[in-house]
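Here the structure comes first, spelled out in structure tokens, and everything after it is commentary.
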Amino acid sequence: MLRKTSPVVTLVGLCISFISSAQGTTTAGQDSSGINPVISSVPFAAFTPDARSAALGDAGAAISPDANAMYWGAAKLAQATKNYGVSFSYTPWLRNVTEDMYFAYLSGFKKIGKNQAVGVSLMYFDHGMFQARNSFGTLLGNYYSNEFFASVAYSRKLTDKFSMGLNLKYINSNLGGGVQVMGGSALKPGTTAAGDLSAFYQTENIDEGTGAGWGYSFGLMLQNIGGKVNYGGTDSGFIPTTFKFGGAATRHIDPYNKITFTMDLNKLMIPTPPIRDASGKITSGKDPNRSSIAAMFSSFSDAPGGASEELREFMISAGAEYWYNEVFAVRAGYFNEARTKGNRKYFTVGFGARIQQRYGIDFAYLMPQTQGSPLANTFRVSLIVDMFKKAADMVIDNNESEN
């Protein structure tokens, strides 16, 4: 296990850096190069958890439903073709930086009749062990840092092609592991409650004779709508409330071959740090000290650089997926974030396999566009189990759904 040694001031910075940036407590927003990223607390709540979407450049809002729709929009669950589904995903994280950091995601859903579905999920992010030292270099001890969120969801069809969903979650961020900081107080876990609102529409026109045709789908989600988190200090940080909109087009070539093209647009709905002068007075942009709900509505017009900077805050995910006979899939994608907003740019590839339309495995590999990226060599693996109901049970549910 790799041991990480940090002075307390560094550890405190780890816990509150997201808060300070989001609240605009620094004396400068943009630097001379125009770099002004939007930074949130608990960023793990916005990590792509599953290998399928990861291989598509982190696009997942509009692709066909499976158990991982718990993350990408619970609205999709009501339109799932399977009646039960469970998925487990594992991602070693920042392997070029450390050896003991990873996150895992477990999700599942159950259809209720033809028009409804419920789901649950758990995301766990293990930062591993670190050695904390004070400013004099004295070892304070070994500590473990971790974060998680747990969620439940409900989804319902409103028409044959349109559905909506609600996802409620509890977030716990224990970054300090109980380490004592200056003044003798311990860093406390940050906790909050949040929710996702999502909508999903899909339609297709397939020739029954040739099996050829097109299918289209669209997904919209407001993710991580919730309160701020606090680690025991006076400042609280915004969680990664995100606007997601995605579209997908599937070309059914014949009964055995199909290819899907998909793209998502994502934007954090939290304050953009303003520009301040040496005295701390805001010279451009808006004061970030506002409520989470107010921040959501103002997040499309608060950047100090105006509309052009707001447009740079949109992240683009795009990918393509080819399936042969619903048995084997290959995937590729690309993720782009503006240079001044984080500069994450990477290609992705992956594959998937299914056995008896019930058991599956997905794999994704990330290739950063720039050398030396901490994301290099990142991979994800997902295991999936899908099940159909027995015919007799489906008849009962169909009768119930009509009442």
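Per the Kirkwood formula applied to alpha carbons, segment 253-403 shows a radius of gyration over Rh ratio, Rg over Rh, of 1.16. The 3J(HN,Hα) values that the Karplus relation (6.51, -1.76, 1.60; θ = phi - 60°) gives for segment 191-198 are, in residue order, 10, 6, 10, 8, x, 10, 10, 9 Hz. Gly and Pro appear as x. The alpha-carbon positions of segment 237-294 define a convex hull whose volume is 123 Å³ per residue. The calculated Kirkwood hydrodynamic radius for segment 4-401 is 22.2 Å, given to one decimal from all distinct C-alpha pairs. Ordered by the count of other Cβ atoms within 10 Å of each Cβ, fewest first, Met221, Met101, Met367 give Met367, Met101, Met221. Dipole of segment 321-375 computed with +1 at Lys/Arg Cβ and -1 at Asp/Glu Cβ about the Cα centre; of Gln356, Ala332, Thr370, farthest Cα towards the positive end is Thr370.
Of Met164, Met296, Met269, the residue with the greatest mean-square motion in the GNM of the chain, using alpha carbon springs below 10 Å, is Met296. Applying a threshold of 22 Å to the alpha-carbon distances of Lys76/Lys161; Lys76/Lys114; Lys76/Lys345; Lys188/Lys341; Lys76/Lys341 flags Lys76/Lys345; Lys188/Lys341; Lys76/Lys341 as lying beyond it.
Which order do the peptides 68-77, 36-45 take when ranked by the mean count of other beta-carbon atoms within 10 Å per residue, highest first? Mind dumping the intermediate values first?
Details: 68-77: 30.4, 36-45: 22.1.
Highest-to-lowest ranking by the protection proxy: 68-77, 36-45.
Normalising the average separation of contacting C-alpha pairs (under 8 angstrom, six or more residues apart) by the number of residues puts the relative contact order of segment 4-401 at 20 percent.
What net charge is computed for the residues neighbouring Ser299, neighbours being all others with C-beta under 9 Å from the C-beta of Ser299, Lys and Arg scored +1, Asp and Glu -1? Neighbour charge sum, excluding Ser299 itself: -2.
Every number in this text was worked out from the coordinates using simple rules, so none of it is lab data. Because the structure is predicted, anything quoted here is derived from the model rather than measured. Cβ sites come from the backbone with ideal geometry, for glycine too, and all protein chains shown count toward neighbours.
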